[in-house]
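The values are calculated or read from the model by the stated rules, or taken from the named source; none is laboratory data. The model shown is predicted, which means the values in this text are computed figures rather than measured ones. With ideal geometry, Cβ positions are generated from the backbone for all residues, glycine too; neighbour counts draw on all protein chains shown. All accessible areas refer to the heavy atoms of the entire protein, side chains included, with ligands and DNA or RNA removed. Shrake-Rupley method; radii C 1.70, N 1.55, O 1.52, S 1.80 Å.
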Amino acid sequence: MRRSEIFLKPEFAPHRALWKASGLIEEELKRPLIGVANAWNEIVPGHVHLDKVAKAVKAGIRMAGGTPLEFGTIGVCDGIAMGHEGMRYSLPSREVIADTVEIMVEAHRLDAVVMVTNCDKITPGFLLAAARLEVPVIMINGGPMMPGVYDHQRIDFKDLMENMNVLVKEGKPDELRKLEESALPGPGSCAGLFTANTMNILSEAMGMMLPGASTVPAVEARRIWYAKWTGMRIVKMIEEGLTPDKILTRKALENAIAVDMALGGSTNSVLHLEALAYELGVDLPLEVFDEISKKVPHIVDISPSGKHFVVDLDRAGGVPAVMKRLAEAGLIHKDALTVTGKTVWENVKNAIVKDENVIRPLDKPYHPFGGLAILKGTLAPNGAVVKASAVKKELWKFKGKAKVFDQEEDAVKAIRNGEIEPGTVIVIRYEGPRGGPGMREMLTATAAVMALGLGDKVALVTDGRFSGATRGPAIGHVSPEAAVGGPIALVQDGDEILIDIENRRLDLLVDEKELQRRKEVWKPKVKPLRRGILRRYARMALSADKGGALEY
């Protein structure tokens, strides 16, 4: 029996009256009641058009015989929240989004839900909600933004951030305005393979979106087509009893990791996949990322590390073409189930690679290893993450002296003031899930480093995280974090730090007895927090190696 059929019983007349007060009629109540969780708002450029996507989803639901019921949820733009206190709220919003959807679906006994998403924490939040629900779930994103054009070159948010620093330093406000009005030409998630597009692509790879859906540009009619097909498909999923527990398995997570490695996605994918695994109760050690990285070559090179954009991947065949190439080499689980009711292989076996300059053959990769690497060592006993594909090979081994900052703003000020010398390892700590709180991303700091020509002369290590737009030797997610007494809390100016990506090491080259002496006198830095979500998050958040999820 459908969950919503309880409302057809005689004794549920008060409930029917409330549904009818909302404008529903008898014929609609007899159909499956399907939630449309819409993250539309007028703030986030990746979401300003989701009203149209949701409208198309609802049309699809009605065509297939269901009754769509739309409700909203929040969505933070990491770009707008970046570089100030607002960024502390971005990661906690993931859990709020999950809670919102769970509450709406469960409280109203909806039969299924379509999740309309696009940007950084919204897609992971929806995935966490899907993991909790026992009703059919399918996702549809709003699509990537088209790249901008500046000085006859295609650009995106990464180029805006890096060139901005140069133009500000050179005192060219008119050129800066021209840049900011050219870089982001319209709606969609930022054009490169940053966190938003990474997580949407991985949602498709896990089987939670229709094949080919994740990469269709926001401005194309195909985006609306996919939304209608998604609405139609959810009605069939109810008939089939196809629920998330049949799709979101260890195999699905491993498929997502494999696609992530092939594309060189955002380091934040590690954070969100670990949080999803925690929610699912699936054991997913960080070592799994490294094991898959060593087997899966990097065959698609998209900004920030490459010259291509997500629209180019879409034109080249999209995620199905990538997955077919991986499946033929035995690098993904072909038998994993998807929202189509078919297996991964059934979905992708007829996919075609249309441009091998974008999706390279496995024997001609950009790198013979995956895009991400997990580092461990005396500075990160529980692990740290680096986007290895975005680091020049000559910087894979970097030893330098630490310059320590206890918050991002102080580091950015020092970088811009010319206080950072070549050979420095910039350490930004107390920015982890609890210590931040909120685990802010450090794109402002890394963009400043790049803009000042220090990208191949310094490294940055943090217990915070990085934007998907980050490139260069930037190591994040250092665990345990400083706030809980991790070794990063004991680093002092002048200490030597060794980064060795080849051997997956991150070491603090300080005598163990000296570290023990520092540990004995160490006291955590406690930040004064107002009442509200940041206080709760600071008490409950797990370390980055557990995805920054909230402890049950």
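Roughly what percent of Cα-Cα pairs across the chain reach past 38 Å?
Across the chain, Cα pairs with separations above 38 Å total 26 percent.
Find how much the distance from residue 11 to residue 413 grows on full extension, using 0.36 nm per residue of separation minus their present alpha carbon separation; answer in nm with one decimal.
Contour length minus the Cα-Cα distance gives 138.1 nm.
Are any of the pairs 169/523; 228/349; 307/342; 58/342; 158/457; 121/295 more than 30 Å apart by Cα-Cα distance, and if so, which?
Where the Cα-Cα span goes over 30 Å, the pairs concerned are 169/523; 307/342.
If you roll a 1.4 angstrom probe over the protein chains with everything in place, what fraction of the accessible area of region 142-264 belongs to carbon and sulfur, to the nearest %?
Summing carbon and sulfur atoms, their accessible area is 54 percent of the total for region 142-264.
Using a probe radius of 1.4 Å on heavy atoms only, what accessible surface per residue do you get for the chain? Whole Å² is fine.
39 Å²
Could you tell me the calculated FRET efficiency between residue 517 and residue 399, based on Cβ-Cβ distance and R0 = 41 angstrom, to the nearest 0.05?
Rounded to the nearest 0.05, the efficiency is 0.95.
When only Cα pairs under 8 Å and 6 or more residues apart are kept, what is the percent relative contact order across the chain?
14 percent
When the Cα centres of region 373-423 and region 462-506 are compared, how far apart do they sit, in Å?
Spelled out, the Cα-based centre of one part sits 6 Å from the other.
First check a/c for region 355-409, with a ≥ b ≥ c the square roots of the eigenvalues of its C-alpha gyration tensor; if it is under 1.5, answer rounded, and if not, answer prolate when a/b is larger than b/c or oblate otherwise.
Prolate, because a/c is 1.5 or more and a/b exceeds b/c.
For the chain, with the dipole built from +1 on Lys and Arg beta-carbon atoms and -1 on Asp and Glu ones, taken about the Cα centre, which of 126, 24, 63 lies farthest toward the positive end?
Checked the options; the winner is 24.
Angle, helix 157-170 long axis vs. longest principal axis of the chain, Cα atoms, 0 to 90°, nearest 10?
Once rounded, the angle reads 40 degrees.
How long is the gain from residue 107 to residue 500 if the chain were fully straight, where each residue apart is worth 0.36 nm and the alpha carbon distance is subtracted?
136.4 nm
Let me spell out the model: positive unit charges on the Cβ of Lys and Arg, negative unit charges on the Cβ of Asp and Glu, origin at the Cα centre of the chain. What dipole size does that give, in debye rounded to 20?
For the chain, the charge dipole is close to 660 debye.
May I ask for the distance between the Cα centers of region 207-246 and region 1-25, given as a whole number of Å?
Cα centres, region 207-246 to region 1-25: 27 Å.
Between residue 20 and residue 153, what is the label-point separation in nm under the 7 Å Cα-to-beta-carbon projection?
6.6 nm
Could you work out the relative contact order of region 396-552? I mean the mean sequence separation of Cα pairs under 8 Å and 6+ apart, divided by the number of residues, in percent.
26 percent
If I model region 316-358 as equal point scatterers sitting on the Cα atoms and use the Debye formula, what is log10 I(q)/I(0) at q = 0.27, 0.33, 0.34 Å⁻¹?
Cα-only, vacuum Debye calculation for region 316-358: -0.91, -1.16, -1.19.
Given contacts defined as C-alpha pairs under 8 Å and at least six residues apart, what's the relative contact order of region 173-219, whole-number percent?
30 percent
So between residue 282 and residue 551, what do we pick up on full extension, going 0.36 nm a residue minus the alpha carbon distance?
95.4 nm
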